[in-house]
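Contents: one structure, followed by commentary.
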Amino acid sequence: MNEALPNFELLLREALAPVEPPADLVERLEGALTAITEMAADELESWELSAMRDPRNWARPATALVVGGAAGTALVLLRARRRAQEQASARRRPLAARGAELERSAERAIRDLAQHTRRLLERR
């Protein structure tokens, strides 16, 4: 009779086994959050102050503000988490490798800053 009953412990173990996320999940999530943040900024930028006097016009900018703020916050947290993981793995590497990694990280930060500045200047 026991043979006919399923092994619940085995079934639970299989059901609750950890699942590895796709390798490109972080990049896709970061891209989506960046796009949402930029769309919200564009929406807020397109509204004129004179249109804001009527409370019926507040829904879209308020939504853009909330959604853009949430996406921006999530993006900052995601990038901070990735940097913390990179720093933790960098501590395990030899000193020479850390110096090269620091140089690449600085170059990447400067490149990202220049790209972001270019985008902002193109909008104006």
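The values are calculated or read from the model by the stated rules, or taken from the named source; none is laboratory data. Everything quoted here is computed from the prediction, not taken from an experiment. We place every Cβ from the backbone using ideal geometry, glycine too, and count neighbours over all the protein chains shown.
All of ALA23, ALA35 fail the test of being within 28 Å of ARG108 (Cα to Cα) and outside any helix (DSSP H, G or I), apart from ALA23. When region 24-46 is limited to residues that are surrounded by fewer than 14 Cβ atoms within 10 Å (Cβ to Cβ) and over 23 Å from GLU122 (Cα atoms), the one that is farthest from the chain's Cα centre (by Cα) turns out to be ASP24.
Residues checked against (1) modelled with pLDDT under 85; (2) touching a Lys or Arg at 6+ places or on another chain (Cβ under 8 Å); (3) among the hydrophobic types (A, V, I, L, M, F, W, C):
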position: ASN2; (1), (2), (3): yes, no, no
position: ALA17; (1), (2), (3): no, no, yes
position: LEU29; (1), (2), (3): no, no, yes
position: THR37; (1), (2), (3): no, no, no
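Which one of these is among the aliphatic types (A, V, I, L, M), closer than 30 Å to LEU121 by Cα and loosely packed, with under 10 Cβ neighbours inside 10 Å: LEU49, LEU78, LEU16? Selected residue: LEU49, the only one of LEU49, LEU78, LEU16 that is among the aliphatic types (A, V, I, L, M), closer than 30 Å to LEU121 by Cα and loosely packed, with under 10 Cβ neighbours inside 10 Å. Kindly evaluate THR63 against the criterion of being in contact (Cβ under 8 Å) with a residue 40 or more places away in the chain and surrounded by 10 or more Cβ atoms within 10 Å (Cβ to Cβ). Taking the combined requirement at face value, the residue does not satisfy it.
Looking only at residues in region 39-75 that are over 24 Å from THR117 (Cα atoms) and among the polar types (S, T, N, Q), the one that is modelled with the lowest pLDDT is SER50. Given the criteria touching an Asp or Glu at 6+ places or on another chain (Cβ under 6 Å) and either surrounded by 10 or more Cβ atoms within 10 Å (Cβ to Cβ) or among the polar types (S, T, N, Q) (or both), does ALA71 qualify? For ALA71, the condition - touching an Asp or Glu at 6+ places or on another chain (Cβ under 6 Å) and either surrounded by 10 or more Cβ atoms within 10 Å (Cβ to Cβ) or among the polar types (S, T, N, Q) (or both) - is not met.
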